[in-house]
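Peer 1: So that we are looking at the same thing, I have put the structure below in structure tokens.
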Amino acid sequence: MEHKRNQDANLINEKYIESLVVEQRIIDSVKPSLKTNYFGSEFDMPILTPAFSHIGNINGREKTGLYEYSVAARNLNMLNFVGMMENEGFKDIMDAGAKTVRIVKPYADNGKVLDQFAYAKEIGAFGIGIDIDHIFANGGYDVVIGEEMAPQSSDMIKNYIDTYNLPFVVKGVLSVSDAVKCKEIGASAIIVSHHHGRMPSAIPPMMILPEIKKALEGSDVKIFLDCQIATGMDVFKALALGADGVAPGRAMMDDLNAEGTTGVEKFIRGMADELMFAMGNTGFDKVENINDSVIHRLNG
Ligand SMILES: Cc1cc2nc3c(=O)[nH]c(=O)nc-3n(C[C@H](O)[C@H](O)[C@H](O)COP(=O)(O)O)c2cc1C
């Protein structure tokens with residue numbers, strides 16, 4: 001039987017992002033800088049690539065879409081993310097030369113998780129992490145491309161963090177409870193995300209973000225965010241509400257499909273230009289100064 005109720009977290013999220021509106025503060029405003037620092041390295045913008053996987057060779061081009069956007073990340077000096085893949089595929093990504101965080105799947109075969117972290121470290125990954133929001137399916141654990149997933153305890157994640165001595169990113173945090181656990185076990189960053197709407201009626205990431213920001217105040221944990229980010233103004237809203245970095249997802253797919261690296265570079269540059277416009281119009285000259293005092297909510 002079909003659900004009669006709207007439980008689509010993507011639609012709920014889009015409406016929420018659209019309901020956030022921005023006041024203008026232009027007098028005394030100057031051209032802003034997008035420079036950002038993560039884990040001791042400087043990046044040219046607070047826009048990140050999404051942790052994608054399984055994008056093969058597109059339109060007859062020789063390299064995979066993952067490699068193509070990783071080259072764009074290197075050229076634009078952005079922090080790069082990739083998701084589920086075997087070690088061989090990750091080696092290709094590293095050849096693109098971007099500072100890359102490898103988000104490993106929560107495989108039931110924990111040896112495979114450890115092996116993928118160890119390999120990432122061995123070949124010079126910038127960081128590692130795990131997506132904790134792709135474990136359950138209706139009725140049990142999910143099986144992704146033939147691989148069963150398994151729950152991740154605080155102790156398991158702490159063990160990953162303590163073993164590899166690399167920036168560690170927990171992807172798929174959507175509550176203060178999980179965010180605080182990540183802080184307590186020593187994660188370097190979290191990605192506030194509902195993984196393109198896996199859970200029906202999931203709270204919009206930007207709605208829970210201010211609470212998470214408050215709960216992590218005074219810690220070094222970086223807060224990243226994704227889900228339905230499509231414009232520089234979307235990035236601005238997330239930064240204002242407490243994010244340190246923001247990733248578009250499927251919104252960049254058409255440009256990636258059409259023109260590979262060039263398409264992604266155009267898409268991201270456009271987004272960065274829109275972000276600068278938003279910062280200029282609101283009087284914020286630096287990314288770290290952006291705050292929520294300019295954000296209002298329609299009907300809210
Ligand atoms: C083709 C594709 C593959 C993905 N693979 C992964 C993955 O392996 N690991 C992961 O953590 N997230 C994965 N994601 C989720 C994205 O990292 C991101 O959370 C999501 O796409 C954000 O939502 P949006 O596409 O609506 O912006 C994937 C998304 C897509 C579209």
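Peer 1: Sort ASP292, ASP44 from largest to smallest accessible area, using a 1.4 Å probe on the heavy atoms of the protein chains.
Peer 2: Largest accessible area first, the list is ASP292, ASP44.
Peer 1: What is the dipole size for the chain, taken about its Cα centre, with +1 at each Lys and Arg Cβ and -1 at each Asp and Glu Cβ, in debye to the nearest 20?
Peer 2: The dipole of the chain has a size of about 380 debye.
Peer 1: Could you give the radius of gyration (one decimal) and Dmax (whole number) of the Cα atoms in the range 178-300, in Å?
Peer 2: 15.2, 43
Peer 1: Got a number for the accessible area of ILE123? Probe 1.4 Å, square angstrom, nearest 10.
Peer 2: Its accessible surface works out to 40 Å², give or take rounding.
Peer 1: Under the Karplus relation 6.51 cos²θ - 1.76 cosθ + 1.60, θ = phi - 60°, what is the ordered set of whole-Hz ³J(HN,Hα) values for the range 152-159, x standing for Gly and Pro?
Peer 2: Whole-Hz 3J(HN,Hα) from phi for the range 152-159: 10, 8, 4, 5, 4, 5, 4, 4.
Peer 1: Shifting gears a bit: Can you tell which of SER53, VAL21, THR231 lies farthest toward the positive end of the dipole of the chain, using +1 and -1 charges on the Cβ of basic and acidic side chains (Lys, Arg; Asp, Glu)?
Peer 2: Result: VAL21.
Peer 1: Convex hull over the Cα atoms of the chain, averaged projected area in nm²?
Peer 2: For the chain, averaging the hull's shadow over all directions gives 16.3 nm².
Peer 1: Starting from a Cα-only point model with no solvent, please compute log10 I(q)/I(0) by Debye for the range 68-226 at q = 0.20 1/Å.
Peer 2: Taken in order of the listed q values, log10 I(q)/I(0) reads -1.40.
Peer 1: Using only C-alpha positions, report the orientation-averaged shadow area of the convex hull of the range 228-269, nm², one decimal.
Peer 2: 2.8
Peer 1: If you roll a 1.4 angstrom probe over the protein chains with everything in place, what fraction of the accessible area of the chain belongs to carbon and sulfur, to the nearest %?
Peer 2: The computed percentage sits at 49.
Peer 1: Further, regarding this structure: Calculate, for the range 9-297, the solvent-accessible area per residue in square angstrom, rolling a 1.4 angstrom probe over the heavy atoms of the protein chains.
Peer 2: Each residue of the range 9-297 exposes 43 Å² on average to a 1.4 Å probe.
The values are calculated or read from the model by the stated rules, or taken from the named source; none is laboratory data. A quick note: this is a predicted structure, and the numbers were derived from the prediction, not measured. Cβ atoms come from the backbone with ideal geometry, glycine included; neighbour counts cover every protein chain shown. Just so you know, the surface numbers come from the protein's heavy atoms only, side chains and all, with ligands and any DNA or RNA stripped out. Shrake-Rupley method; radii C 1.70, N 1.55, O 1.52, S 1.80 Å.
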